[in-house]
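Student: Handing you this structure, nothing more for now.
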Number of protein chains: 2
Amino acid sequence: MPIPYPNPKLERRIRNLGFRLTPQRDLILRVVAGRGEHATFDEIYDDVHQAAPHISPATVYRNLETFSRYRLIHGNEVAGGKVYELAREEGHHHLICHKCWGEIKVPDAQVRKLFKQLDKQTGFLVLGEHFVFMGICPDCRREEGDSLGRFSVYPKFSVKSKKRNKKHE
Amino acid sequence: MPIPYPNPKLERRIRNLGFRLTPQRDLILRVVAGRGEHATFDEIYDDVHQAAPHISPATVYRNLETFSRYRLIHGNEVAGGKVYELAREEGHHHLICHKCWGEIKVPDAQVRKLFKQLDKQTGFLVLGEHFVFMGICPDCRREEGDSLGRFSVYPKFSVKSKKRNKKHE
DNA sequence: TGTACGATTGCGAAAATTTGCAATTGATAA
DNA sequence: TTATCAATTGCAAATTTTCGCAATCGTACA
């Protein structure tokens, strides 16, 4: 379940960071929230553009980047594409299979335990609330063993051409 | 220490996967090997281009992508830039500080333990040999506490304009 | 409220990355 | 060695992403 929006906590956070909460930013956050997990740039931009055609891609790029940088949202590299989602208190992590692209969720506690250990040992505080670990899922291992054969790898999943609508003509 | 090159094992791996070992690919691998850890696209392309000016950026992009896909090299998203390096037997992982960009290496064993647990619990085999965990390092925590303030975040590290030399003036 | 300042936006241009395709060239088997 | 065939390359074009800058527009404060 995505974080609800409007989200007073999020707004407070934005202002505390010294950011202005512009209509553009508000909309972008709403869209990301509405998309739930793993929204691509295109999905986000499409929604934003539909709701407010004057908002430029550059603004969306910039804000996604800014929000990520300040951990209001999380950006994740998945299978050749980048996906975004609202940051949450609870972490959640995925195992994604190289072969079949299946996803398995990992209980946060497990990963958190590693971070706690790292902290104890090095004093370093890991901040990521969302990690993606690539590998091979149980089913595919059964089929082909642990090594990735030549033809077991897939093309990038993301749709190729976005072909945004030009404004003029 | 980067993996030595030429590397018979790597060549065998390439051929086993059904890839042709073209001069372009050979050079790219040599360059990546020569760069050691964390080579950016630009660094790689520059070296390649210097050694063989006729090789196009597209070829380098394609092969970096292909090699990553088949785990001959590892591509990693670091601080807004992507970096590549030759894959190795031994994993190695980094903690990178959001504030000062300091790097701390994590003993592979520690992370591996997590993966082993995941395997035991889910049957999923994690394949990544190189993970990057972002967070706050001990020194910066001491200075500012655990929360990331507005001005504690840095611009992207990667050099902005690449401005490749055009061939035809 | 009204004013002032600096953050943010949209635009167009620049730069980076990907793609289509014809030509080339490894690798295999005769 | 030579012929064959599909993988790979280089180019140019298409597409995506970033950047510079003047104009706006939130916010803070009087």
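Values in this text are rule-based calculations from the coordinates and carry no lab data. These numbers were taken from a predicted model, which means no experiment stands behind them. Note: ideal-geometry Cβ built from the backbone for every residue, glycine included; neighbour counts use all protein chains shown.
Student: Between segment B:1-65 and segment A:67-140, how many Å separate their Cα centres?
Tutor: 29 Å
Student: Could you give me the radius of gyration and the Dmax of segment A:23-122, taking only the C-alpha atoms into account and expressing both in angstrom?
Tutor: 15.7, 51
Student: Working out 0.36 nm times the residue gap between B:A58 and B:M134, then minus their Cα-Cα distance, what length gain in nm do you get to one decimal? Don't skip to the end; give the middle numbers.
Tutor: Details: separation 76, 0.36 × 76 = 27.36 nm, distance 3.06 nm.
Additional length available on full extension: 24.3 nm.
Student: If you don't mind, there's one more thing I want to ask. Check each of the trypsin sites (Lys or Arg not before Pro) in segment B:1-69 and keep only those in coil by DSSP with at most 16 other C-beta atoms within 10 angstrom; list them in order. All intermediate terms of the calculation are to be shown ahead of the outcome.
Tutor: On the way: sites: B:K9, B:R12, B:R13, B:R15, B:R20, B:R25, B:R30, B:R35, B:R62, B:R69; in loops: B:R20.
Sparse-neighbourhood loop trypsin sites (Lys or Arg not before Pro): B:R20.
Student: Another question, then. For B:R112, go 7 angstrom from Cα along the Cα-to-Cβ vector, then report the distances to that same point in the other copies in nm, smallest first.
Tutor: Counterpart label points of B:R112 in the remaining copies fall at 2.8 nm.
Student: Right, something else. What FRET efficiency do you get for A:D26 and B:K9 if R0 is 51 Å and r is their Cβ-Cβ distance, rounded to the nearest 0.05?
Tutor: 0.40
Student: Can I ask one more? Per-residue HN-Hα couplings for segment B:57-62, Karplus 6.51 cos²θ - 1.76 cosθ + 1.60 at θ = phi - 60°, whole Hz, x for Gly and Pro?
Tutor: With coefficients 6.51, -1.76 and 1.60, one gets x, 4, 5, 5, 3, 4 Hz.
Student: Quick check: pseudo-label points 7 Å beyond the Cα along Cα→Cβ at A:D46 and A:R112, how many nm apart are they?
Tutor: Distance between the two pseudo-spin positions: 3.5 nm.
Student: Next question, about the same structure. Check B:V78: other-chain or 5+ apart residues with amide H under 5 Å from its amide H, H built from backbone geometry?
Tutor: Counting only residues 5 or more places away or on other chains, the set is B:V83.
Student: For segment B:12-25, in order, what is each residue's ³J(HN,Hα) by Karplus, 6.51 cos²θ - 1.76 cosθ + 1.60 with θ = phi - 60°, in whole Hz (x at glycine and Pro)?
Tutor: Values, residue by residue: 4, 4, 4, 5, 4, 6, x, 8, 8, 8, 7, x, 4, 5 Hz.
Student: Here's another thing I want to ask about it. Per-residue mean of other chain beta-carbon atoms within 10 angstrom of the beta-carbon, peptide B:8-20?
Tutor: 1
Student: Using Cβ counts within 10 Å as a stand-in for footprinting exposure, how do A:E11, B:E89 rank, fewest first?
Tutor: Details: A:E11 14, B:E89 8.
Result, fewest neighbours first: B:E89, A:E11.
Student: Check which residues have an amide H placed less than 5 Å from B:G128's amide H, if you skip close sequence neighbours.
Tutor: Under 5 Å from the amide H of B:G128 lie the amide H atoms of A:M134, each far enough along the sequence or on another chain.
Student: Roughly how many nanometres apart are two label points built 7 Å out from the Cα toward the Cβ at A:H92 and B:T66?
Tutor: Inter-label distance under the simple model: 3.7 nm.
Student: Taking amide H atoms as placed 1.01 Å from N in the peptide plane, list the residues 5 or more away in sequence, or in a different chain, whose amide H sits under 5 Å from that of A:G102.
Tutor: The list, which skips near neighbours in sequence, is A:C97.
Student: May I pose another question? Could you run the Karplus curve 6.51 cos²θ - 1.76 cosθ + 1.60 with θ = phi - 60° over segment B:114-127 and give me ³J(HN,Hα) per residue in whole Hz, x for Gly and Pro?
Tutor: Working through the residues one at a time gives 4, 5, 5, 5, 4, 4, 4, 7, 10, x, 8, 9, 6, 9 Hz.
Student: Calculate log10 I(q)/I(0) of segment B:9-69 for q = 0.14, 0.22 Å⁻¹, where I(q) comes from the Debye formula with a single equal point scatterer on each Cα and nothing for solvent.
Tutor: With no solvent term, the Cα-only Debye profile gives -0.36, -0.89.
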